[in-house]
1. Would you pick out the residues in segment 340-384 that are of a type in the set (G, A, S), under 31 Å from the mean Cα position of the chain (by Cα) and not in a helix (DSSP H, G or I)?
2. Can you name the helices (runs of 4 or more DSSP H) wholly within segment 23-120 that have at least 2 residues being within 30 Å of R578 (Cβ to Cβ) and among the aromatic types (F, W, Y)?
3. Among the residues of segment 69-106, which ones are surrounded by 24 or more Cβ atoms within 10 Å (Cβ to Cβ), farther than 25 Å from G213 by Cα and among the aliphatic types (A, V, I, L, M)?
4. Anything in segment 86-111 that is more than 19 Å from F187 (Cα to Cα) and either hydrophobic (A, V, I, L, M, F, W, C) or free of Cβ contacts under 8 Å to residues at least 40 places away in the same chain (or both)? List them, or say none.
5. Which one is surrounded by the fewest Cβ atoms within 10 Å (Cβ to Cβ), of the residues in segment 51-68 that are in contact (Cβ under 8 Å) with a residue 60 or more places away in the chain and touching a strand residue (DSSP E or B) at 6+ places or on another chain (Cβ under 9 Å)?
6. How many residues does segment 2-21 contain that are in contact (Cβ under 8 Å) with a residue 40 or more places away in the chain and over 30 Å from S64 (Cβ atoms)?
7. Given (1) among the hydrophobic types (A, V, I, L, M, F, W, C); (2) more than 25 Å from W515 (Cα to Cα); (3) surrounded by 21 or more Cβ atoms within 10 Å (Cβ to Cβ), where does V202 come up short, assuming only one miss?
8. I'd like to verify a number: residues in segment 527-548 that are of a type in the set (S, T, Y) and without any contact (Cβ under 8 Å) to a residue 24 or more places away in the chain, how many?
Amino acid sequence: MLIEAGHYALALALSLSLIQIIVPLWGARVNDPALMGVAPATALAVAGCVAFAFLALTTAYVTSDFSVLNVVANSHSTKPMIYKISGVWGNHEGSMLLWVLILTLFGAILAMAKDAVPQRLRANTLAVQASITLAFLLYLLIVSNPFTRVTPAPLEGQDLNPLLQDLGLAIHPPLLYLGYVGFSISFAFAVAALIGGRIDAVWARVVRPWTLGAWIFLTLGIAMGSYWAYYELGWGGWWFWDPVENASFMPWLAGTALLHSTVVMERRDALKVWTILLAILTFSLSLLGTFLVRSGILTSVHSFAVDPARGVFILAILIVFIGGSLALFAWRAPLLRQGGLFAPVSREGALVMNNLFLATACATVFIGTLYPLALEALTGEKISVGAPFFNLTFVPLVVPLLLLLPLGQALAWKRGNLLGTTQRLFLVFGFTLFATFVLFALTIKGPVAAPLGVGLGVFLILGSLNEIVTRSWRRGQPFSITLRKVAGLPRSAWGMVMAHAGVGLTVIGIAASAWGVENIATMRLGEQVRVGSYHARLESVQPRTGPNYREDVARLSVIRADRAIGTVETMKRVYPARGMPTTEAGILTIGLSQIYISFGDVQADGAIAIRLYYKPLILLIWLGAIVMAAGGTLSLSDRRFRIGAPVQARMVPVPAE
């Protein structure tokens, strides 16, 4: 009965979404506050209905209700509870229901922000957001119903894809969807502004927290997915330029440009048309990522859909929303009033360059991802576009962008002094060059690009910290006053410094991977294999049984200078319900570096193939992403940028007459 109630709740949400579209739009047109007031109430009701439906499906998974086809195809009674819950979104229908749930929850949050957004803008925004909800609810009810019953009900399910039975994959999709769907609010605000014909600094101030929040979640989602692929798939890499990876990376690049563009618009009331276009394109790329992953076009562990009808339906959604919003933009954008002016050499000018580099880099990823698919669809010819293409096109665009970042951060608003700014960065340049030359001397026979990359990362970190120094320190100033100024800096300034320093940490981690060492060997008990400055000795190979799998466990000791520093276990697993083998890599973390060991095939004489890696400073790649997200969160907590939290005016005492 609960399953039918969940299905009915989706149908009710569909009807309420239709009301949320029509009534507020008409109310905004005729300036009727009562009609515009319908939007928040219906948004909350739609979120409640979808939340109930999601809870109903979750209950079916938790209780192993095998009368539901979705549960039969993706669960098993012996599966651990955490994976029963994550199995709700570990399939096509459930993941799309999660997508819609997050979409409606964002709408509900906006509906409750009564004093943060002007009523007309909020009504139009919630109506646009409801149109997206309506489209995906139709998709769920027509071609991807998660509540389909199966008769007779089997005694046992088919289990979840073993690769998805991992804590990382339990966390990764919700984070990614919070990023994808978060940009839907920025998109809805942009379309609402085009409908209303008004966009100003107030609009940018309203949109910026939503954009920043979506960017934070997408950053964490991409990082979590990268780390999951690194340790779960057993190949030892952290990024492969896979189309599914690119599908999430493209909206991140566009969203980063949008975030910086809203800063210029809020400060100088400039870049209005460009900011609106970026808001549309960022969510359009999120929809495109949904289409690529959920349509069955791509074959990946992330891809669940195989029904062509689903792909056609999502393609229709893409055409309607991307085509419709771009048509509206072409019609209304020329009517928008232009904003303030600024000199080319200024912080605004640097942010414009930032946007151009990011947009171009996003375009290269877009072409490299979509061109093979388009070529195959038109000619039937299959080609592969991989790392060599992206390294040759993406990297030359990102390097100058990163070099520009500390310089642009140090420029003044409206009109900057390039010579003075360069002088303020003199120590940063000097220390960066010194560190780079030292690395070259220490690794003289190693790869040339690695010290240069590490030097670039150091430049980014020091350049970011320089912002705090220049805003707090003056020559001859007492140290106590400097500390007071540092403590008094707004959270947004600290957040910006952290985010940019996080980029530097990630760059260092990526560059240091060039010093990594790989060794593939066949090992017997007691034998040792060298990897970098370490040795790994095979101690034992034993069978073990898990809750819903069997595995062979290889246990190795890691030794350096005749001293054991730790043990590593790597496994070969088989899940009987699916009959699918997986490899679980063993990882030993040594500071910021890791020893990575993967279990290979068992030879006829009982020896086993082992793949070993030494990965120096590898953790900086993901630590940098966490620092970026933490910086964004710190900025979001700044009172000046929180929705509906105006800054209290400082009281100035008036002397008595």
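The values are calculated or read from the model by the stated rules, or taken from the named source; none is laboratory data. Predicted model, so just to flag it, every value in this text is computed and none were measured. Glycine also receives a Cβ, built like all others from the backbone with ideal geometry; neighbour counts cover every protein chain displayed.
1. S346, S384
2. In segment 23-120, 38-62 are the helices (runs of 4 or more DSSP H) which contain 2 or more residues that are within 30 Å of R578 (Cβ to Cβ) and among the aromatic types (F, W, Y).
3. V71
4. Matches in segment 86-111: V88, W89, M96, L97, L98.
5. This residue is S67.
6. Within segment 2-21, residues that are in contact (Cβ under 8 Å) with a residue 40 or more places away in the chain and over 30 Å from S64 (Cβ atoms) number 4.
7. Against the list (1) among the hydrophobic types (A, V, I, L, M, F, W, C); (2) more than 25 Å from W515 (Cα to Cα); (3) surrounded by 21 or more Cβ atoms within 10 Å (Cβ to Cβ), V202 comes up short only on (3).
8. 2
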